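Engineer: The structure's right below; bear with me while I get my questions together.
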Amino acid sequence: MIRNAKGRKFSYDSAAEAFEELHEYGEGATVWTREVYRGMFITRSVDGWQQISPPTD
């Protein structure tokens, strides 16, 4: 997910995809992720949303 400076949230399928699009959301936009476990009818987050840093090559 990308959260812009105004607090608006935009969903993406992966962190890599979110980092590719991050520049379009302006200064102050950050990338967030969470680890989830899916059961039959329930999706649960382990630790909630956490901000992540861009990968270094």
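Engineer: Report the charge-dipole magnitude of the chain in Debye, nearest 20, computed about the Cα centre from +1 at each Lys and Arg Cβ and -1 at each Asp and Glu Cβ.
Structural biologist: On the way: 7 positive and 9 negative charges, 93 e Å.
Computed about the Cα centre, the dipole is about 440 debye.
Engineer: Given points 7 Å out from each Cα along the Cα-Cβ axis, report the Thr33 to Glu17 separation in nanometres with one decimal.
Structural biologist: 1.4 nm
Engineer: Could I ask something else about it? Please work out the Kirkwood hydrodynamic radius for the chain, using every pair of different C-alpha atoms, and report it in angstroms with one decimal place.
Structural biologist: Working: mean 1/r = 0.0816 Å⁻¹.
Here the Kirkwood hydrodynamic radius works out to 12.3 Å.
Engineer: Let me have the relative contact order for the chain, percent, based on Cα pairs under 8 Å that are six or more residues apart.
Structural biologist: After rounding, I find 29 percent.
Engineer: Please go through the chain and write out the chymotrypsin sites (Phe, Trp or Tyr not before Pro) that DSSP classes as loop and that have at most 10 other C-beta atoms within 10 Å.
Structural biologist: Phe41
We did not get these values from a lab; they are worked out from the coordinates using the rules stated. Values in this document were obtained by computation on a predicted structure and should not be read as measured data. Because the Cβ atoms are built from the backbone with ideal geometry, glycine has one as well, and the counts that use them run over all protein chains shown.
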